[in-house]
Amino acid sequence: MHVPDGYLSPLTCAAAYAVAAPFWFVALRKVEAQMQTRLVPTVAVVSAFSFVIMMFNLPLPGGTTGHAIGLAVAPILLGPWAAMLAISIALFIQALFFGDGGITTFGANCVNMAIAGPWVAYWVYRLISGDTPLTSPRRVVAAATAGYVAINVAALLAAVQFGIQPIFFHDAAGAPLYAPYALVIAIPAMMIGHLSFAGLAEAVISGGVVAYVQKVDPRLLSLSARRAAASLGAQAAMPPAGWRPTRALWAGLAALLIASPLGLLAGGIAWGEWGVDDLKDTAVRAQIAQASGNVVPPESVPQGMERLSAFWTAPMPDYAPAFLHHESFGYLLCAMVGTGLVVLSVLLLSAVMGGGRAARATPAP
């Protein structure tokens with residue numbers, strides 16, 4: 001679901017950034033106070049969780065792969081506005097350092113996975129869970145349903161972004177300049193895998209995390225269930241803050257980090273994430289056609305795609321450091337480095353927001 005550089009036209013990319021920018025701006029304003037409290041560790045661990053869980057690739061129909069995202073976990077633990085920032089940070093680190101998603105398409109990926117997905121998940125979760133107690137099994141069902149619906153909404157948005165490219169952006173001969181498959185191919189190709197395996201994985205992870213949190217500290221669920229938390233008293237109405245109360249979440253994240261090389265077991269490439277070299281490779285072209293309704297890609301790589309695909313070269317593309325020849329260890333190392341970068345980014349954002357807030361609070365001489 002990570003749209004790479006070259007698959008969307010510059011106009012589409014600019015429009016996506018224009019859509020995402022107001023949400024980022026409002027989110028920063030909404031969570032400014034939250035980012036100056038001891039809730040920062042919760043934001044950091046949720047952002048890191050989203051980064052790591054996306055490294056667990058799953059085999060999908062047609063020989064492609066997909067993954068969960070944490071679209072429900074983030075808003076349930078943080079609320080929707082902080083969830084947007086947490087997932088956006090994870091997506092930015094993926095794109096910048098590992099080439100998982102593009103820089104030009106970062107805005108589009110955030111619209112799909114950091115904005116639409118979390119908001120859909122948040123409202124589905126609120127609708128189903130209602131004001132039930134924080135420990136209610138209904139909240140587990142609500143989280144699973146929210147994750148399933150949200151990831152499919154995000155996948156549909158990505159499919160539409162892919163599918164409109166050959167309609168609006170082609171050369172004089174009608175050849176596509178960017179993503180080559182139209183809506184009638186892109187939507188089924190994306191949705192079959194997400195309505196089945198990827199959606200179920202997101203549901204299991206979302207429900208599982210909520211069930212785990214209910215056992216270790218239900219107060220962590222209070223940001224998305226203030227009325228239910230308030231009924232337990234003032235102390236439960238606010239989530240626990242600081243590094244120590246989140247140690248159970250960090251322990252779970254550490255377990256995921258250790259298991260991250262399992263993400264290499266799924267063969268194939270996610271639909272719509274083929275590189276320029278893949279589109280030139282005969283064997284990969286056959287796989288692309290199989291995953292795209294037996295419609296072969298264009299004989300030549302779309303001109304715009306080839307040009308924009310070289311926009312940014314990540315230091316460790318595909319989570320495979322060039323200086324390491326052991327695939328599993330390299331993948332684990334990237335998971336650890338990426339997690340560290342995500343946490344560092346959250347801390348830096350907190351420091352910058354704190355500095356800006358302090359400057360505004362200082363009276364003029």
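The values are calculated or read from the model by the stated rules, or taken from the named source; none is laboratory data. None of the values given here were measured: they were computed from a predicted structure. FYI the Cβ positions are ideal-geometry reconstructions off the backbone, even for glycines, and counts take in every protein chain you see. Surface areas here come from the heavy atoms of the whole protein model, side chains and all, with no ligands, DNA or RNA. Shrake-Rupley method; radii C 1.70, N 1.55, O 1.52, S 1.80 Å.
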query = Under 5 Å between amide H atoms, partner at least 5 residues away or on a different chain: which partners does residue 170 have, H built in plane at 1.01 Å?
reply = 177
task = Would you mind computing, in nm to one decimal, how far apart the modelled labels at residue 320 and residue 244 are, each placed 7 Å from Cα along Cα→Cβ?
result = 4.6 nm
ask   = What residues have an amide H closer than 5 Å to that of residue 66, excluding those fewer than 5 places away on the same chain, when H is modeled at 1.01 Å from N in the peptide plane?
value = 58, 60
remark   = For the chain, the percent of accessible surface on carbon and sulfur atoms (probe 1.4 angstrom, ligands and nucleic acids excluded) is 69 percent
task = Compute the Cα gyration tensor for segment 17-67, then decide on rounded, prolate or oblate, letting a ≥ b ≥ c be the square roots of its eigenvalues: rounded whenever a/c is under 1.5, prolate when a/b is larger than b/c in the other cases, and oblate in all that remain.
result = oblate
query = What does the accessible area per residue of the chain come to in Å², with a 1.4 Å probe and no ligands, DNA or RNA counted?
reply = 42 Å²
query = Using a basic spin-label model with each label point 7 Å from the Cα along Cα→Cβ, how many nm lie between residue 171 and residue 259?
reply = 4.8 nm
query = Which ³J(HN,Hα) values in Hz, rounded to whole numbers, follow from the phi angles of segment 183-199 under the Karplus curve 6.51 cos²θ - 1.76 cosθ + 1.60, where θ = phi - 60° and Gly and Pro get x?
reply = 4, 5, 9, 5, 5, x, 4, 6, 7, 4, x, 7, 5, 9, 5, 5, x
query = Expressed as an acute angle from 0 to 90° and rounded to the nearest 10, what is the orientation of the C-alpha long axis of helix 80-98 relative to the principal long axis of the chain?
reply = 40 degrees
ask   = Given labels modelled 7 Å from the Cα in the Cβ direction, how far is it in nm from residue 19 to residue 311?
value = 1.6 nm
